[in-house]
Amino acid sequence: MSKTAAEKIFSEKSGTDSKSGDYVVANVDYAMANDITAPIAIDAFNELGMKAKSDKIIIIPDHFIPPKDINSAIQYKKSKDFALENGTWFYDIGSGGVCHQVMMEKGFAAPGRLIAGADSHTNTYGALSAISTGIGSTEAGVIFATGKMWFKIPETIKINLRGKPKKGVEGKDIILNILSTIKNGGAAYKCMEFSGNINYIDINERMTMANMTTEAGAKCSFFDTDDKTIEYLNQRNTGDYKIVKSDENADFSRIIEVDMDDIEPSIAIPNSPDNVRIATAVHEKIDQAYIGSCTNGRIEDIRKAAAILKNKKVNKNVRLMVVPASQDVYNQALKEGLINTIVESGGYFSGTTCGACLGGYMGVLGPDEVCISSTNRNFIGRMGDKSSKVYLANPSIVAASAVLGRIGIPEEL
């Protein structure tokens, strides 16, 4: 029986011969939670009175790190105490970062694995051919105790990438254009599988694309394994993994053909990631430019920003914030002199945190302020006051806009 990659992985993890639409109880390779979701998961776990499956549990504080107030300090301590008491994986300040970046860097994500994370952007690990999905905190607590969870196997939308991206077109532009086609909720409870000319897309860009499948409502994402996948994995201690691919004649719920040749650098304008325009058509003045998050806070993104900012100055009306997605990214940026370049331009470079992405702290927008951001969501009030506006773009456009004082592209500098 022909199957999609998602069907194969769920079948193997559940010990069944299942297809999309079937309900299964599957063994989860890893369960991840952060400083917001872990405390609730811990409460659910404690109610079960069972021993923790410590080798499967990963706790990564990131949303309000360092703690911004008493409540966040309490959440952080509860998460850390649980991890230390039960011997689970725990990535503290100075060694961790934004949860999804850490999961990729530290080798937890790998082909054929099934990973559940108590955060909606857990879809990111599909960039490395894993099936990973966001779950509720209570569900995470059950996995902490049992190592298992029930799933409805999703149907798969196949996205066939044709052609080659133009100069200046990044993974962010590709996924924004796909979102403009699928629309918010257009992939609800589906797996978005990317195939075709993925060899033109680096792992960093695949992570961005996989991350933002969440904005289409997707249950998970999946990129075929290729040489770039293996090269990335070989640089990390991933352990054993199994390469899984969809059968050519698998039953896809939909096949979308995407011509990357036709994609231009793009902007998602308020108030939805699927509300996409060509970047050259948007000229809004900005108050803040933000580069970071699980979507675009990797070293490749910071290199692009620094290259644009070198020997230039951030516009006096703009505050530029650059936030690395992990401590490893921070360390590499420091080593390469990128932090110095950004700071000399007038930008602010911080330690790793989710921070402003969710309107949490450190970069929250005030009334009527406008931000161009490399993050994944621009809903009303996402980064602060309900009257503020958020535009989404790739890091190169964000850096150029910080210099211009308005939304613009690097070629204008």
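Kindly indicate which of G134, G186, G147, G163 is open to solvent by less than 10 Å² (accessible area, probe 1.4 Å), over 22 Å from K3 (Cβ atoms) and not aliphatic (A, V, I, L, M). Going through G134, G186, G147, G163 in turn, the sole match is G147. The single condition among (1) charged (D, E, K, R); (2) out of contact with any Pro (no Cβ under 9 Å at 6 or more places or on another chain); (3) in contact (Cβ under 8 Å) with a residue 24 or more places away in the chain that D69 does not satisfy is (3).
Scanning the range 312-332 for residues that are crowded, with 24+ Cβ neighbours inside 10 Å and not in a loop (DSSP other than H, G, I, E, B) turns up L320, V322, S326, V329.
Flag not set for N177, criterion: open to solvent by 10 Å² or more (accessible area, probe 1.4 Å) and farther than 26 Å from F379 by Cβ. Given the structure, is I153 open to solvent by less than 10 Å² (accessible area, probe 1.4 Å), more than 22 Å from R377 (Cα to Cα), modelled with pLDDT of 95 or more and of a type in the set (A, V, I, L, M)? Taking the combined requirement at face value, the residue satisfies it.
Taken over the range 53-98, residues that are among the acidic types (D, E) and open to solvent by 50 Å² or more (accessible area, probe 1.4 Å) amount to 4.
Consider M50 carefully, then state whether it is buried (at least 23 other Cβ atoms within 10 Å of the Cβ) and outside any helix (DSSP H, G or I). Considered against the rule, which asks whether it is buried (at least 23 other Cβ atoms within 10 Å of the Cβ) and outside any helix (DSSP H, G or I), M50 comes out as no.
Could you tell me how many of the residues in the range 352-397 are assigned to a loop (DSSP other than H, G, I, E, B) and either within 18 Å of the chain's Cα centre (by Cα) or among the hydrophobic types (A, V, I, L, M, F, W, C) (or both)? Lay out the reasoning, then the answer.
Narrowing the range 352-397 to residues assigned to a loop (DSSP other than H, G, I, E, B): 352-354, 359-364, 366-369, 374-383, 385-388, 393-394.
After this cut, where a residue has to be either within 18 Å of the chain's Cα centre (by Cα) or among the hydrophobic types (A, V, I, L, M, F, W, C) (or both) as well, the list is 352-354, 359-360, 362, 364, 374-380, 382-383, 393-394.
Going through the range 352-397 one residue at a time, the tally reaches 18.
Filtered by the rule that a residue be buried (at least 16 other Cβ atoms within 10 Å of the Cβ) and closer than 22 Å to E369 by Cβ, the range 250-275 gives I267, A268, I269, P270, S272, P273, N275.
Out of contact with any strand residue (DSSP E or B) (no Cβ under 8 Å at 6 or more places or on another chain) and among the hydrophobic types (A, V, I, L, M, F, W, C): which single residue out of V390, V398, V403 fits that description? Of V390, V398, V403, the one residue that is out of contact with any strand residue (DSSP E or B) (no Cβ under 8 Å at 6 or more places or on another chain) and among the hydrophobic types (A, V, I, L, M, F, W, C) is V403. Among the residues making up the range 73-103, those that are within 17 Å of A52 (Cβ to Cβ) and either part of a helix (DSSP H, G or I) or polar (S, T, N, Q) (or both) are K78, S79, K80, D81, F82, A83, L84, E85, N86, T88.
Taking each residue of the range 311-325 that is under 11 Å from G292 (Cα atoms) and looking for partners that are open to solvent by 70 Å² or more (accessible area, probe 1.4 Å) and hydroxyl-bearing (S, T, Y) with beta-carbon atoms closer than 6 Å, six or more apart or interchain, yields M321/Y348.
Among the candidates C357, C371, the residue that is touching a residue at least 24 places away in the same chain (Cβ under 8 Å) and closer than 29 Å to D92 by Cα is uniquely C357. Taking the range 6-23 as the search range and keeping residues that are of a type outside the set (F, W, Y) and either outside any loop (DSSP other than H, G, I, E, B) or at pLDDT below 95 (or both), which one is surrounded by the fewest Cβ atoms within 10 Å (Cβ to Cβ)? Per the stated criteria, the residue is E12. Name every residue in the range 285-311 that is open to solvent by 10 Å² or more (accessible area, probe 1.4 Å), touching a helix residue (DSSP H, G or I) at 6+ places or on another chain (Cβ under 7 Å) and closer than 19 Å to V390 by Cα, in order of residue number. Once the filter is applied, which keeps residues that are open to solvent by 10 Å² or more (accessible area, probe 1.4 Å), touching a helix residue (DSSP H, G or I) at 6+ places or on another chain (Cβ under 7 Å) and closer than 19 Å to V390 by Cα, the range 285-311 yields only C294.
For every residue, the table says whether it meets (1) in a helix (DSSP H, G or I); (2) more than 16 Å from E105 (Cβ to Cβ); (3) at pLDDT 95 or above; (4) open to solvent by 60 Å² or more (accessible area, probe 1.4 Å).
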site: M209; (1), (2), (3), (4): yes, yes, yes, no
site: E215; (1), (2), (3), (4): yes, yes, yes, no
site: G239; (1), (2), (3), (4): no, no, no, no
site: S246; (1), (2), (3), (4): no, yes, yes, no
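Restricting attention to the range 189-203 and to residues that are in a helix (DSSP H, G or I) and free of Cβ contacts under 8 Å to residues at least 40 places away in the same chain, the residue that is most open to solvent (accessible area, probe 1.4 Å) turns out to be N199.
The values are calculated or read from the model by the stated rules, or taken from the named source; none is laboratory data. Given the structure is predicted, the values throughout are model-derived calculations rather than measurements. Glycine also receives a Cβ, built like all others from the backbone with ideal geometry; neighbour counts cover every protein chain displayed. Keep in mind that these areas ignore ligands, DNA and RNA; they rest on the heavy atoms of the full protein, side chains included. Shrake-Rupley method; radii C 1.70, N 1.55, O 1.52, S 1.80 Å.
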